[in-house]
Amino acid sequence: MAQERLDRALAGTGRWSRKEIRDLIRQGRVQVDGAVVTRPETKICPETAQVRFGAETVPLQPFVYVMMHKPEGVLSATEDARRKTVLDLLPEPLRRRGLFPVGRLDQDSTGLMLLTDDGPMGHALLSPRRHVDKVYLVELEGQADGTDVQALASGMILGDGLRCLPARLELLDGGGRCLVTLREGKYHQVKRMLAARGKPVRSLKRLSMGPLRLDEGLAPGQWRMLTAEEMAALRQTTGRDAL
């Protein structure tokens, strides 16, 4: 199994910069397999080493999974010369890992964003064959009604010929707000479907993707690593045994 420097492995978790973790190691605050380690260059095997910071076990995984509450005005992209992207909201150690957003949200849309460097998992979540549900909270100009519910449920054909899979529309507050559940993710699909029904979207917020639900404790722009329970749910959804 591949060996890696302890400071590099810990910096890769995104919790500390390389300088911060070097200082913590030299202060004797990191243990590897039950023994205090004071040399940042100590080689470990990230897949098998048991690393602790104080009383806390620090998982060293081959991939990183970040949940973000995407704010309005930020691009779902890895880089842009003029505008801020979701990666710009992360610390430098995480940006260096080559993370990418799984699926997209429009610049003016908000909500759940999953970022990872696990390409196969990202592909599995977005694969049309898996039909992973994505739920959006939508505020409309006007009010949706039962005819709109039926139109989305039957599978719409948009003006440009795009065929949409059946989608669920749940009315809230008399139809001025609604929940939309998609099993695919075409370009601007929610907005295009509702605009075709004469109900333009005022705001859109993604609440969930498959088993992942937006942590409402995250303010817009904030992020955290996925929990062990969330990772296990992703593993079950994507059929992958090693998240």
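The values are calculated or read from the model by the stated rules, or taken from the named source; none is laboratory data. Note that the structure is predicted; figures quoted are calculated from it, not measured. Positions of Cβ are generated from backbone atoms using ideal geometry, with glycine treated the same way; all protein chains shown enter the neighbour counts.
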Open item on the list: Exactly one of these conditions fails for Leu6: (1) in contact with a helix residue (DSSP H, G or I) (Cβ under 7 Å, 6 or more places away or on another chain); (2) loosely packed, with under 15 Cβ neighbours inside 10 Å. Give me its number.
Closed with: (2)
Open item on the list: I need the full set of residues from segment 8-31 which are of a type in the set (Lys, Arg), modelled with pLDDT of 90 or more and assigned to a loop (DSSP other than H, G, I, E, B), in order please.
Closed with: Arg29
Task: Leu115 vs. criteria more than 25 Å from Val201 (Cβ to Cβ) and in contact with a Pro (Cβ under 7 Å, 6 or more places away or on another chain) - done: no
Open item on the list: Against the condition of a type in the set (Ser, Thr, Tyr), at pLDDT 90 or above and more than 19 Å from Leu112 (Cβ to Cβ), how does Thr181 come out, does it pass?
Closed with: no
Open item on the list: farther than 21 Å from Ser203 by Cβ, among the small types (Gly, Ala, Ser) and touching a Leu at 6+ places or on another chain (Cβ under 9 Å): which single residue out of Gly155, Gly159 fits that description?
Closed with: Gly155
Task: Criterion: charged (D, E, K, R) and assigned by TED's automatic domain parsing to the domain that holds Val102 - qualifying residue of Asp145, Asp117, Asp160 - done: Asp117
TODO: Considering each residue of segment 186-204, count those that are assigned to a strand (DSSP E or B) and either more than 14 Å from Leu169 (Cα to Cα) or aromatic (Phe, Trp, Tyr) (or both), and give that number.
DONE: 2
